[in-house]
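Report on one structure; see the data block that follows.
The values are calculated or read from the model by the stated rules, or taken from the named source; none is laboratory data. Bear in mind the structure is a predicted one, so any value in this text is a computation, not a measurement. Backbone-built Cβ (ideal geometry, glycine too); neighbour counts: all protein chains shown.
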Amino acid sequence: MLVAPSILSADFGRLAEEVDAICKAGCDLVHVDVMDGHFVPNLTIGPVVVEAVAKASSKPLDIHLMVENNSFFVDLFAPLKPKYISFHIEEEKHVHRLIQKIKAYGISPAVVLNPHRGLEDLEYIIDDLDMVLLMSVNPGFGGQKFIPNVLEKAKRLKDLIEKSGTNTLIEVDGGVSNQNINDLKSAGVDVVVAGSYVYGSDNYAKAIKSLKV
């Protein structure tokens, strides 16, 4: 299991130290939640802060856009060369075009499905995706309770990926902890985002290790 701690739960007064700490503690990716106050009711960070995060990180960035006007934000963050940029599929009119735009920047594209969203939108684009992010909470705020029906969705997504013959990864974000990590692994999940579980612990390395099942 790859572990991508979300800096949304970090101490922003010590952000560079917090990013460095999770990298040294053994994380695989640094998850960055970008919220615009429109698509979700929260407002987080822009490219100036994310540039500082990139400088502090020895691990690749995983940027999760929770925004309107996805194309604008892709252009804004692409120069920082994250490993992944993910966007919410219901907020994009031209999904395939945006996927190709992300690829043209040399970045791995991913789409995000909210808890209520089915897999039918993925059938014709799964071959073009490097990752699918399944939300196991409603997006916008950290520290929410895990929605368990994401496990069944992950299993069905795994079947779709295997039938397509792609190497698309499955990422789950929200309420992840050592209490559900084995169920997520069994469902075929490859990457977990953990914010409050890691940053709320008194030992980042121990918390991250407990998710690497």
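For (1) in contact (Cβ under 8 Å) with a residue 40 or more places away in the chain; (2) in a loop (DSSP other than H, G, I, E, B); (3) touching a Pro at 6+ places or on another chain (Cβ under 8 Å); (4) surrounded by fewer than 21 Cβ atoms within 10 Å (Cβ to Cβ), each residue gets a yes or a no:
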site: VAL172; (1), (2), (3), (4): no, no, no, no
site: ASN178; (1), (2), (3), (4): no, yes, no, yes
site: VAL192; (1), (2), (3), (4): yes, no, no, no
site: VAL198; (1), (2), (3), (4): yes, no, yes, no
site: LYS206; (1), (2), (3), (4): no, no, no, yes
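Just for region 45-56: of the residues that are over 22 Å from GLU91 (Cα atoms) and among the β-branched types (Val, Ile, Thr), which one is surrounded by the fewest Cβ atoms within 10 Å (Cβ to Cβ)? Write out each step before concluding.
Residues of region 45-56 that are over 22 Å from GLU91 (Cα atoms), as a first pass: 48-56.
Adding the requirement that they be among the β-branched types (Val, Ile, Thr) leaves 48-50, 53.
Working: VAL48: 7, VAL49: 15, VAL50: 22, VAL53: 21.
Filtering first and then ranking leaves VAL48.
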Looking at region 57-93, which of its residues are crowded, with 17+ Cβ neighbours inside 10 Å and more than 26 Å from ILE125 (Cβ to Cβ)? SER57, LYS59
Test: residue in region 113-133 that is among the small types (Gly, Ala, Ser) and either crowded, with 16+ Cβ neighbours inside 10 Å or in contact (Cβ under 8 Å) with a residue 60 or more places away in the chain (or both): no
In region 50-93, which residues are at pLDDT 95 or above, acidic (Asp, Glu) and part of a helix (DSSP H, G or I)? GLU51, ASP75
Would you confirm whether any residue within region 25-46 is in a helix (DSSP H, G or I) and not β-branched (Val, Ile, Thr)? no
Please tell me if LEU184 is within 18 Å of GLU90 (Cα to Cα) and surrounded by 21 or more Cβ atoms within 10 Å (Cβ to Cβ). no
